[in-house]
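Input: a single structure, listed below in structure tokens.
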Amino acid sequence: MTLNIAIKNGRVIDPANNLDLLTDLYISDGKIAALGQAPDGFVADQNIDACNLIVSPGLIDLCANLREPGYSRKGTIASETAAAAAGGITTLCMPPLTKPIADTTAVIDLIEDLAKQAGNARVLPMGALTQALKGEQLSPMYGLSQSGCIGFTNARQPIHSSLTLVRCLEYAATHDLLVIFQPMDADLAAGGTMHDDITCTRLGLSGIPESAETIEVARCLLLVEQTGVKAHFGQLSCERSVKMVTDARHRGLRVTADIAIQNLLLTDENVNGFDPNFHLIPPLRSQLDRAGLRHALVSDGFQAICSDHQPHELAAKQAPFAATEPGMTGLETLLSLSLMLVQQELISLPQMLAKLTSGPASVLNIDLGTLTPGSSADICIFDPQQEWMLTDENRRSAGANTPFMNFPLKGVVRYTLLNGALVFQQ
Amino acid sequence: MFVQQDPNLIQLNSAGQLKHFLTTEGLSREMLTEILDTADSFVDMNAQQVKKVPLLRGKTVVNLFFEASTRTASTFELAAKRLSADVLNLNIKTSSTSKGETLKDTLMTMEAMHSDMFVVRHSDSGAAHYIARDVTPHVAVINAGDGRHAHPTQAMLDMLTIRQHKGAFEPLTVAIVGDILHSRVARSQIHALRTLGATEIRVIAPTTLLPRHIEALGVTVFTDMQQGLKDVDVVMMLRLQKERMQSALLPSESEFYSRYGLTEEKLKLTHPDSIVMHPGPINRGVEIETSVADGPKSMILKQVTNGIAVRMAVMSMAMGGQITEQQAARESE
């Protein structure tokens, strides 16, 4: 049963409609019923006082590894979607890096069932672009899309043969399916654990040069142009990569991009000291790259900011730097970290929220990430000024692997609604 | 965004004394000089008939070699024994900790046996820092080589050898030749030479064997050995691993030798009083001509002798620093 909910006196920001207004929002039947004036005959079962709070569409995260099936020691769909709800995220895309790999409808159905049971967030699985991500045989993309796959990616597994890649793209284009690249040249990145630069040289670690990303971006863009497929580039870390994608879009290609929030805030110098929480792939890049990414943020060079959520069990990070598993948990800090971009006066609050709502929705071409009456009542209500810390006691994610653990943050999610139902409040 | 403390400060106790020895980076000139002075006193003792002092009597030193080693492991063992410690040698030759027991579990097991000092060699850069910071901070950790990151006792025995022959570091031009990319020895030498005040540090290698932006560590890069060796006071050769030939880093041993091998001919370009060093084991005819390795300028065996003294010095100093720290901790409780 869904309730009629009235959200009163909030600052309602809906980037999709260029709306930023102190007003009321009415929810009925799991959908946005009206803004401002209550619809005729509306009787609220519940009132939410959003005075001094921001009312935003629920956030959409384009890359979150939920670890299930196959890696439930790192996290489960239940635990990680609970973390998403606590972070104001109502929709998330999940890479096919499960065990078994998400290249059959059975796995996709299982993920969707588990997500439905948990009921915390909308999970949009990405299908494998090639069978078992081996880069050899096409996956049954059409069937997978019918089961609910939002797009297809080979994650960071290589497709060595450009011919195979062309065929993947042609086949996806045939059915107008979205292809998602997480570009990394496997040979250039082989054995690498951090950005190949001064810090890497000092620490004696193996480097991942920018070219590991830019060469693959260039190859993919040329083949996108040849095949006409709709493509998205996920978690770009190099300024040059974003420029190439932006140029291609200006030439008329159907290409979009997202950046992981950590790459907008941190640099390779953070690795100094071998803290495994900074062992990330794609790696934290140079100050120049970060500046380039931040410039692209201001100039609308990419569409979305994502968490690149990768929770781990403790043991995965308890080893010397290079021997640890890469990635950080990020669902619960995505909003607060993105708010830093506003606090640093890089972009406005509505511009930032666009990168977490309407932007990713446009990448996926879905009717979410907006408060337009009639759309799903996925809503995030937060206090942008309130301070908090993510701690071992309050975290919902199974992973504690983030450098932002016990770090003073601003921006507390107070309510998260999914399809008009409260899935989180505090 | 993150206020970062110098990660190398974990080597020091609250009184500024050495309690671990992980890297030469970030240590003061006074500290490096103290290590050299202490080592000098052990050099004299090691030449005596009775080569033992009771500095580590009753202490247990565990040599944990996760990577094969002959001279480093044996000189550490001898050093510990000459300090009267009880020594346990463990050769755990696994390529990664994922095979069976984790590094953490191995170390914690050893700590539970009331070990007082770990001498650790590991193939992962940062392994010694990891152990000292996260696993067993109350056991003195001596880095016997971690990945490509650091090999501080090797660097200090090189410094001791240089000081014995050259006196002061300030006037010296030093060339480090060979596989800089994969070398923990080179990185530790560079930090030590800079701190001790050498005038110029040169690295000589083909670009395939140079890490990116190595000049940021304060060295001058030469890809031409003839130019790089001109008038240098000290030539420090590095070992070239044979497997580098298979990984498209170099065309062949003979071409490497012709371009970067230290021959009598090239040695003439150096200062007339120059000395030649090599951490061993040497590849004759690949990095160095036999007559140079065995010649009058060669310090190779002297380095081995000094290795024992330097290891005695850092082991006794780090143990002292740990004990001081733990006493202070007990008193404050």
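Read-outs throughout are calculated quantities, based only on the coordinates presented, and are distinct from any laboratory measurement. This structure is a prediction, so every number in the text was calculated from the model and none was measured. In this analysis, Cβ positions are derived from the backbone assuming ideal geometry, glycine residues included, and neighbour counts consider all displayed protein chains.
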Residues with amide H under 5 Å from that of B:Phe21, placed H, sequence gap 5 or more: B:Val141, B:Ile142, B:Asn143
In sequence order, calculated HN-Hα J values of segment A:325-340 (Karplus, 6.51, -1.76, 1.60; Hz; x Gly/Pro): 7, x, x, 10, 6, x, 5, 6, 10, 4, 5, 4, 5, 5, 5, 4
Packing-based exposure ordering (other Cβ within 10 Å, fewest first) of A:Tyr415, A:Tyr71: A:Tyr71, A:Tyr415
In sequence order, calculated HN-Hα J values of segment A:295-309 (Karplus, 6.51, -1.76, 1.60; Hz; x Gly/Pro): 5, 5, 4, 5, 8, 6, x, 9, 9, 8, 10, 10, 8, 6, 5
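Report, in debye and to the nearest 20, how large the dipole of chain A comes out about its Cα centre when Lys and Arg carry +1 and Asp and Glu carry -1 on their Cβ. All intermediate terms of the calculation are to be shown ahead of the outcome.
On the way: 29 positive and 44 negative charges, 45 e Å.
Once rounded to the nearest 20, the dipole reads 220 debye.
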Residues with amide H under 5 Å from that of A:Phe424, placed H, sequence gap 5 or more: A:Thr416
Extreme residue, positive dipole direction of the protein assembly as shown, given options A:Ser286, A:Met126, B:Thr109 (C-beta unit charges): B:Thr109
Simple Cβ-charge dipole of segment B:225-333, Lys/Arg +1 and Asp/Glu -1, about Cα centre, in debye nearest 20: 180 debye
Model label zone, B:Glu34; criterion: amide N under 13 Å from point 7 Å along Cα-to-beta-carbon; scope segment B:292-333: B:314-325
Residues with amide H under 5 Å from that of B:Ile275, placed H, sequence gap 5 or more: B:Val234, B:Val235
Dipole of segment A:1-107, positive direction: furthest Cα of A:Asn9, A:Leu22, A:Thr91, with charges on the beta-carbon: A:Thr91
Within segment A:156-279: Cβ-based charge dipole about Cα centre, in debye rounded to nearest 20 (Lys, Arg +1; Asp, Glu -1): 440 debye
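When A:Lys230, B:Lys93, A:Lys355 are ordered from fewest to most other Cβ atoms inside 10 Å of their Cβ, what list results?
Values: A:Lys230 21, B:Lys93 9, A:Lys355 26.
Placing the least packed residue first, the sequence is B:Lys93, A:Lys230, A:Lys355.
Give me the mean projected area, in nm² to one decimal, of the convex hull enclosing the Cα positions of chain B.
18.1 nm²
Looking at the protein assembly as shown, what % of the alpha carbon pairs are farther apart than 47 Å? Walk me through the numbers on the way to the answer.
Working: 88383 of 287661 pairs.
Of all Cα-Cα pairs in the protein assembly as shown, 31 percent lie more than 47 Å apart.
Can you classify segment A:58-364 as rounded, prolate or oblate using the Cα gyration tensor, where a ≥ b ≥ c are the square roots of its eigenvalues, rounded means a/c under 1.5, and otherwise it's prolate if a/b beats b/c and oblate if not?
On the way: a/c = 1.22, a/b = 1.12, b/c = 1.09.
It is rounded, given that a/c, with a ≥ b ≥ c, falls under 1.5.
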Test item: A:313-322 mean partner chain Cβ contacts at 10 Å: 6
Separation in nanometres of the label points that stand 7 Å from Cα toward Cβ, at B:Thr290 and B:Thr305: 2.4 nm
HN-Hα J in Hz across segment A:354-369 - Karplus 6.51, -1.76, 1.60, θ = phi - 60°, x for Gly and Pro: 4, 6, 10, 10, 5, x, x, 5, 5, 4, 8, 6, 10, 8, 10, x
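Need one number: % antiparallel among DSSP beta bridges in the protein assembly as shown, to the nearest 5. Kindly include the intermediate steps, with their values, before the conclusion.
On the way: 31 of 99 bridges.
Restricted to the protein assembly as shown, the bridges split so that about 30 percent are antiparallel.
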Rounded to 5, percent antiparallel among DSSP beta bridges of chain A: 45 percent
Global form of segment A:265-405, assessed from the alpha-carbon gyration tensor, a/c cut-off 1.5: prolate
